[in-house]
Amino acid sequence: MSRQTTSVGSSCLDLWREKNDRLVRQAKVAQNSDLTLRRRQLAQDALEGLRGLLHSLQGLPAAVPVLPLELTVICNFIILRASLAQGFTEDQAQDIQRGLERVLETQEQRGPRLEQGLRELWDSALRASCLLPELLSALHRLAGLQAALWLSADRLGDLALLLETLNDSQSGASEDLLLLLKTWSPPAEELDAPLTLQDAQGLKDVLLTAFAYRRGLQELITGNPDKALSSLHEVAAGLCPRPVLVQVYTALGSCHRKMGNPQRALLYLVAALKEGSAWGPPLLEASRLYQQLGDTPAELESLELLVEALNVPYSSKAPQFLIEVELLLPPPDLASPLHCGTQSQAKHILASRCLQTGRAEDAAEHYLDLLALLLDSSEPRFSPPPSPPGPCMPEVFLEAAVALIQAGRAQDALTLCEELLSRTSSLLPKMSWLWEDARKGTKELPYCPLWVSATHLLQGQAWVQLGDQKVAISEFSRCLELLFRTTPEEKEQGAASNCEQGCKSDVALQQLRAAALISRGLEWVASGQDTKALQDFLLGVQMCPGNGDTYFHLLQTLKRLDRRDEATALWWRLEAQTKGPQEDATWSLPLYLESYLSWIRPSDRDAFLEEFRTSLPKSCDL
């Protein structure tokens, strides 16, 4: 009777194994298919077949003769499911746990052990494999999947302990995961073993590449390019898929740029461009390199190519039905050199760099293209400026208006400003509480007072360009009215009032006031009304003592009005400011405001101050 039972059991085992092998072959046929829908359907059918097979095997009590096949089916099921979903799920962790529990069931290790976590289960299962060598190969394969799952979830401590157990090591080398991965030596697969989609050695190679890549990129992001180099070279020298190799070469280029090796950086970026069609990251990194070298034409050309590249849908290769390196990599961090953003973000970088480098006409065209691109879809919601690489919509409008004014297209700038005002007009009654929330950093629209005020400032400058002095002064006055109406109270002590957002708003507000007062004062000067100009420049000095331009314009006006004593006293204050320690610009200003301030910065400042100094009485000139 026992012989008959053994024969029946062996027959079932053969049938189960045959089904596993057939499903693995089906998945491999699907992998090689050029037809996307057929490929997906074949793979999905194979997955469902493996699910059913696993259900059959686990519906019976765990048995040592069947466990190698059962663990193989678990591995094939997890590999195919993760590759189809392009990621791991909690279900796969439970599949692994169930496999380990089945191993322990054969050793009659039920009860409390099954309440342990996965890490403890692995310790117990690998110890049990010493008594069951026929399970060792399948357990190492399952361990490779567990390692992949933990690496993708960033559970590096658990991964290190698992590798130490696999290596039968308690050397305390767990801090060097790369060394532990290299030391791991999975047993060779037996020739007559059930078919598997991916063996343990293949999983090890993927883990090595993915971990070295993650470590290298993290070192680069945290400012250690020299340390990043060794890890990234390790990736490039290994079995690295082409899409990942493009990213690795780009990261190596970034390392060498930051280390002051521009030629080597350029070689890696060229290699990245040759390796694949994902040209965004290397082109963006090339623009950074050319900017660092001061080669503006090459920088802008790289950015133009970047915009074109992001306009072409990226056709990545169909994923293999394996655990691939890409599956274990995190999405690019905003601080990563591999994050190139969207086409609109790239277009903004191009437009802003044209504006910053004095190419106003190009900047204006790029900004208009950008606005058309952004407004073509659903209307973007107004929100505070996010992290790089781009500003919020109102700031894009303001930068575009600046570019148009600088390009001599004042009428177009006015049209753009009117459009922005129509979009923000509903917020004007709420200005007072918006500013209070800006100061505390508690609400969503802290920059609204600045946007509306800056729009009137730019309208004033556009009317100056069109020669309508009266309307220009009216717009500058409107800007000042809004700014003074939203004056924040003195900051209180405490975390809420010291938040970064509130500080940025305050600095921008102060400089915006100075810009409006100087602009209106200059129009008074142009119309011969020096007394009114004097009032604006005096107020500018009081409201924005850190802005040297207000002092200069006040000094010029005092001299014209022949108020020599006051002018001399002011000149001494300017001299003291120049010779004293300069304050660091803790907060950067928005680009539109930086550009505007450069317009009203006097070009003859140094010559005038030297002329004034020589005109002082000898007794004062000390």
(request) Compute the length gained on full extension between ASP562 and GLU365: take 0.36 nm times their separation in residues and subtract their Cα-Cα distance, giving the result in nm to one decimal. (result) 66.3 nm
(message) Could you sort the peptides 350-357, 137-144, 10-17, 554-561 by per-residue average Cβ neighbour count (10 Å cutoff), highest mean leading?
(response) 137-144, 350-357, 554-561, 10-17
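May I ask you to derive the FRET efficiency for LEU37 and ALA298 from their Cβ-Cβ distance with R0 = 60 Å, giving the value to the nearest 0.05? Kindly include the intermediate steps, with their values, before the conclusion.
Working: r = 44 Å, r/R0 = 0.74.
In this case the efficiency is close to 0.85.
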(request) Could you run the Karplus curve 6.51 cos²θ - 1.76 cosθ + 1.60 with θ = phi - 60° over the stretch 547-554 and give me ³J(HN,Hα) per residue in whole Hz, x for Gly and Pro? (result) 8, x, 5, 5, 4, 5, 5, 5
(request) Enumerate the calculated ³J(HN,Hα) couplings along the stretch 332-337 in order (Karplus 6.51 cos²θ - 1.76 cosθ + 1.60, θ = phi - 60°), each rounded to whole Hz, writing x wherever the residue is Gly or Pro. (result) x, 6, 4, 7, 7, x
(message) Given the whole protein assembly as supplied and a 1.4 Å probe, what does the accessible area of TYR290 come to in Å², nearest 10?
(response) 50 Å²
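State which entries of LYS182/LYS258; LYS182/LYS347; LYS204/LYS274; LYS28/LYS182; LYS182/LYS274; LYS19/LYS182 exceed 32 angstrom in Cα-Cα distance in the structure shown.
On the way: LYS182/LYS258 29 Å; LYS182/LYS347 44 Å; LYS204/LYS274 28 Å; LYS28/LYS182 28 Å; LYS182/LYS274 30 Å; LYS19/LYS182 34 Å.
Cα-Cα > 32 Å for LYS182/LYS347; LYS19/LYS182; rest within.
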(request) DSSP loop (so not H, G, I, E, B), at most 15 other Cβ within 10 Å: list which GluC sites (Glu not before Pro) in the stretch 37-110 pass both filters. (result) GLU108
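The values are calculated or read from the model by the stated rules, or taken from the named source; none is laboratory data. Note that the structure is a prediction, hence the values are computed from the model and not measured. In this analysis, Cβ positions are derived from the backbone assuming ideal geometry, glycine residues included, and neighbour counts consider all displayed protein chains. Just so you know, the surface numbers come from the protein's heavy atoms only, side chains and all, with ligands and any DNA or RNA stripped out. Shrake-Rupley method; radii C 1.70, N 1.55, O 1.52, S 1.80 Å.
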